[in-house]
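Trainee: One structure, as structure tokens, below. Some questions next.
The values are calculated or read from the model by the stated rules, or taken from the named source; none is laboratory data. None of these values were measured; they are calculated from a predicted model. No Cβ is skipped: glycine too gets one built from the backbone with ideal geometry, and neighbour counts run over all protein chains shown.
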Amino acid sequence: MNQGFPTFGRMQDGALLNVLKNYTLPDFILKLVADTCNSKLLEKGRYYNKLESLNGESLELLHKIFVECENDDSGKFSEYRFYVYVSSVYPKCEISINETIMGLEEKHKVAVTVKNNGVIVAVAENKSTGNSINKKDVTKFFNLISDIKNGEHGTMITDAIFCSSVGFRNDALVELESLKESRCIVPENIINFETVNFEDNMYCIVNKLKLSTHES
């Protein structure tokens, strides 16, 4: 569990502002919610002042997502929590959402791209709804990572995170071990691959593996 990430579900007395001020949500999340709720948002200044600039609908939505940990049918609430989790893992990096990246062979739309000084250092995906992540899901994400890593824009990628709000099937974890064993270990092609599950209102790392994107 990432210690820099707030424990969701913690309830406190007081107004919504007094609860939300303890979560220190990133600016891009405040903007996403403000846009969804047609709210103004103070772009600069203290975090509390930014919260104060939001309308009541925005505050209620933030409370539902990050304090009450509610889920919606579309999985959007889960996606927002996922964005914040990745942001907390890389607090000094730029977080891009749904960016299209050209890999070695094709373009890929990536849920979260993490950049350091404009250079991609990590990619992350999340499954919000439906069945647990299976072997096919893992293989698809690994192939995406490999193509990006081996392309012009992915040479500095060191990390990949696969999050789930619906759990992981055992065959998915077995497939990761199989990918680890079947690949030739080339240091410059190593990816730190994490599977992370959201349960009991917190993100818990399921496993960590070093995978090579270089085929044997």
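Trainee: Considering only strands (runs of 3 or more DSSP E) fully contained in the stretch 60-156, which possess at least 3 residues that are acidic (Asp, Glu) and at pLDDT 95 or above?
Mentor: Numbers: elements: 94-102, 107-116, 119-127.
Correct list: empty, since no element meets the threshold.
Residues are listed down the side, and each one gets a yes or a no for (1) assigned to a helix (DSSP H, G or I); (2) at pLDDT 90 or above:
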position	(1), (2)
Gln3	no, no
Pro6	no, no
Gly14	no, no
Asn18	yes, no
Ile29	yes, yes
Asp35	yes, yes
Asn38	no, yes
Leu42	no, yes
Lys50	yes, yes
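Trainee: Also, I was wondering about something else. Tell me which of these Tyr90 doesn't satisfy, since it passes every other one: (1) among the hydroxyl-bearing types (Ser, Thr, Tyr); (2) touching a Gly at 6+ places or on another chain (Cβ under 8 Å); (3) closer than 19 Å to Met156 by Cα.
Mentor: The one condition Tyr90 does not meet is (2).
Trainee: Within the stretch 61-71, which residues are in contact with a helix residue (DSSP H, G or I) (Cβ under 8 Å, 6 or more places away or on another chain) and on the phi < 0 side of the Ramachandran plot?
Mentor: Initially, the stretch 61-71 is screened for residues in contact with a helix residue (DSSP H, G or I) (Cβ under 8 Å, 6 or more places away or on another chain), giving 61-67, 69-71.
Within the stretch 61-71, Leu61, Leu62, His63, Lys64, Ile65, Phe66, Val67, Glu70, Asn71 qualify.
Trainee: Continuing with this model, one more query. Give me a count of the residues in the stretch 139-160 that are out of contact with any Ser or Thr (no Cβ under 8 Å at 6 or more places or on another chain), buried (at least 18 other Cβ atoms within 10 Å of the Cβ) and among the aliphatic types (A, V, I, L, M).
Mentor: Going through the stretch 139-160 one residue at a time, the tally reaches 4.
Trainee: On the basis of being exposed (fewer than 15 other Cβ atoms within 10 Å of the Cβ), farther than 18 Å from Ile95 by Cα and not assigned by TED's automatic domain parsing to the domain that holds Met202, does Gly75 make the cut?
Mentor: On the way: exposed (fewer than 15 other Cβ atoms within 10 Å of the Cβ): no; farther than 18 Å from Ile95 by Cα: yes; not assigned by TED's automatic domain parsing to the domain that holds Met202: yes.
When the stated conditions are applied, Gly75 does not pass them.
Trainee: Also: Limited to the stretch 183-198, what total is found for residues that are modelled with pLDDT of 90 or more and in contact with a Ser or Thr (Cβ under 8 Å, 6 or more places away or on another chain)? Quick ask: steps written out before the conclusion?
Mentor: Step one: list which residues in the stretch 183-198 are modelled with pLDDT of 90 or more, which gives 191-198.
The next check asks that each one be in contact with a Ser or Thr (Cβ under 8 Å, 6 or more places away or on another chain); those that pass are 191-192, 195-198.
Of the residues in the stretch 183-198, 6 are modelled with pLDDT of 90 or more and in contact with a Ser or Thr (Cβ under 8 Å, 6 or more places away or on another chain).
Trainee: Related question: Taking the condition among the β-branched types (Val, Ile, Thr) and either farther than 29 Å from Val123 by Cβ or in contact with a Lys or Arg (Cβ under 9 Å, 6 or more places away or on another chain) (or both), does Val67 pass? I'd like the intermediate steps shown before the answer.
Mentor: Numbers: among the β-branched types (Val, Ile, Thr): yes; either farther than 29 Å from Val123 by Cβ or in contact with a Lys or Arg (Cβ under 9 Å, 6 or more places away or on another chain) (or both): yes.
When the stated conditions are applied, Val67 passes them.
Trainee: Determine, yes or no, whether Ser74 is touching a residue at least 12 places away in the same chain (Cβ under 8 Å) and under 19 Å from the mean Cα position of the chain (by Cα). Talk me through it step by step, then tell me what you get.
Mentor: On the way: touching a residue at least 12 places away in the same chain (Cβ under 8 Å): yes; under 19 Å from the mean Cα position of the chain (by Cα): yes.
Against the criterion (touching a residue at least 12 places away in the same chain (Cβ under 8 Å) and under 19 Å from the mean Cα position of the chain (by Cα)), Ser74 qualifies.
Trainee: Ok, one more. Please state which of the following conditions Ser216 fails to meet, knowing it meets all the rest: (1) of a type in the set (S, T, N, Q); (2) modelled with pLDDT under 95; (3) over 26 Å from Lys115 (Cα atoms); (4) out of contact with any Cys (no Cβ under 8 Å at 6 or more places or on another chain).
Mentor: (4)
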